[in-house]
Each structure stands twice: as structure tokens, then as C-alpha cells.
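Novice: Quick one: the structure is below, and I'll ask about it shortly.
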């Protein structure tokens, strides 16, 4: 577990706002763009964002020119490790 936490720490970024298009079938939200805060990035693969409106973290993957939800959400460590 220590190695995974170190890897997560290395992927942390200076937080920045990002618009995320939801819903994904895993979420019970109206379809719209939500303001989220990017907090960790696994270069070329995944982005973890904080969703203030749900008080949860969400894992995204890049599909061409936009980020898409993987339907994985929850606490920061569990969400990051689920990638």
C-alpha cells in the first residue's frame, strides 16, 4: 500500500477547475456540464477530479479531445487506486 500511496502523491497536481460532462450511467445526475477540480493526473491515461456538488472524487479517462467518466467515484485513495 505504501508504494501505491507514493505513486498517488507523485500524480498530484496543483488543483484547477475543469468542466466535466455527465452523466455516465453510473450517476444519477441530469445531463449537463459540472465544474470539478482536477487534483491528480496519471499522464496520458487518467485524471482524478473532485466533484464539490457530490463531495466525492471521480476518475476520468481521455477520449480524443475530452475527458470521460469511468464511473468510478468515492474517496480519493480508493478512486485513484481503482485506475
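None of the figures in this text is laboratory data; all of them are computed from the coordinates on show. Keep in mind the model is a prediction, meaning the values are calculated, not measured.
Novice: I'm spelling it out carefully: the read-out is P(r) over Cα pairs in 10 Å bins from 0, in percent, the candidates are [x] 18, 57, 22, 3; [y] 15, 42, 30, 10, 2; [z] 14, 22, 20, 18, 15, 9, 2, 1, 0, and one was derived from this structure. Which label?
Specialist: Computed from the coordinates, P(r) over Cα pairs in 10 Å bins from 0, in percent corresponds to [x].
Novice: Can you tell me the relative contact order of the chain? Whole percent, Cα pairs under 8 Å, sequence separation 6 or more. Mind dumping the intermediate values first?
Specialist: Details: 148 pairs, mean separation 18.6, N = 83.
Relative contact order here is 22 percent.
Novice: Continuing with the same structure: Quick check: the angle from helix 2-11's long axis to the longest principal axis of the chain, C-alpha only, nearest 10 degrees?
Specialist: 60 degrees
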